[in-house]
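Single-structure report; data block below.
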């Protein structure tokens with residue numbers, strides 16, 4: 001009897017052990033599944049937030065670039081403590097004098113010096129009303145006297161990118177390639193590419209350019225097409241028919 005009870009107890013204990021293991025595994029699996037789902041939700045939300053932040057940064061970057069699109073920075077202009085509003089008149093006259101332009105005072109939307117006061121003159125930020133006027137100034141900037149120069153008003157990110165690309169720019173130029181910076185991008189063209197573009201622009205190869213005639217070559221004018229007026233044709237036919245009737 002005791003042996004049977006012992007065997008029965010062992011079976012019950014084994015069953016309880018198996019049930020405990022099964023319950024533990026089921027609970028663990030369920031908990032892990034819930035945690036995985038929760039982590040997936042968090043990961044998806046994190047990706048969405050990152051995309052939103054990226055889009056916002058791009059929009060902010062675009063707004064900053066649009067704001068600076070008509071701006072220029074003018075360096076080397078002597079600083080006067082009392083310049084104030086007279087700076088608009090002074091700068092417009094200065095640019096007109098050296099660049100041969102006709103900038104009106106109302107074309108300067110905003111103008112002020114940037115940075116802290118130093119021993120050297122601070123640069124002047126000029127916001128122009130129109131982009132084409134800005135480009136006129138930039139195209140003529142080489143006419144400015146020594147010590148005075150103009151630069152684009154780039155965003156902080158673009159300035160950092162251009163600074164990073166400067167060594168590569170100088171290296172490409174030493175190789176003999178045509179290299180320049182466009183915003184935050186380095187544009188490189190080899191001499192072969194440059195010559196190919198030059199040949200494309202050469203007017204001598206253009207099919208629209210007429211070849212001059214040789215001195216002894218005769219010019220034959222194109223034959224004129226004989227276009228008969230419809231009314232004249234009908235009148236002629238009618239007249240011929242009347243003559244035929246009369247002769248009869």
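Subtracting the Cα-Cα distance from 0.36 nm times the residue separation, let me have the gained length for residue 21 to residue 73 in nm, one decimal.
Details: separation 52, 0.36 × 52 = 18.72 nm, distance 7.58 nm.
Additional length available on full extension: 11.1 nm.
Quick one: if the Förster radius is 45 Å, what FRET efficiency do residue 61 and residue 33 give, using the C-beta to C-beta distance and rounding to 0.05?
0.60
Over its Cα atoms, what ratio of radius of gyration to 2.2 N^0.38 Å does region 68-166 give?
1.07
I need the shape label for region 1-149. Rule: rounded when a/c is under 1.5, else prolate if a/b > b/c, else oblate, with a, b, c from the alpha carbon gyration tensor.
prolate
What shape does region 9-68 have by the C-alpha gyration tensor, where a ≥ b ≥ c are the square roots of the eigenvalues, rounded means a/c under 1.5, and otherwise prolate means a/b greater than b/c and oblate the rest?
Prolate, because a/c is 1.5 or more and a/b exceeds b/c.
With the crude spin-label approximation of a point 7 Å out along Cα→Cβ, what separation in nm comes out for residue 120 versus residue 142?
Using points 7 Å along Cα→Cβ, the separation is 2.4 nm.
All of the numbers you see were taken from the coordinates with simple rules; none came from a lab. On a predicted model such as this, the values are computed, not experimentally measured, just so you know. Note that each Cβ is placed from the backbone with ideal geometry, even for glycine, and that neighbours are counted across all protein chains shown.
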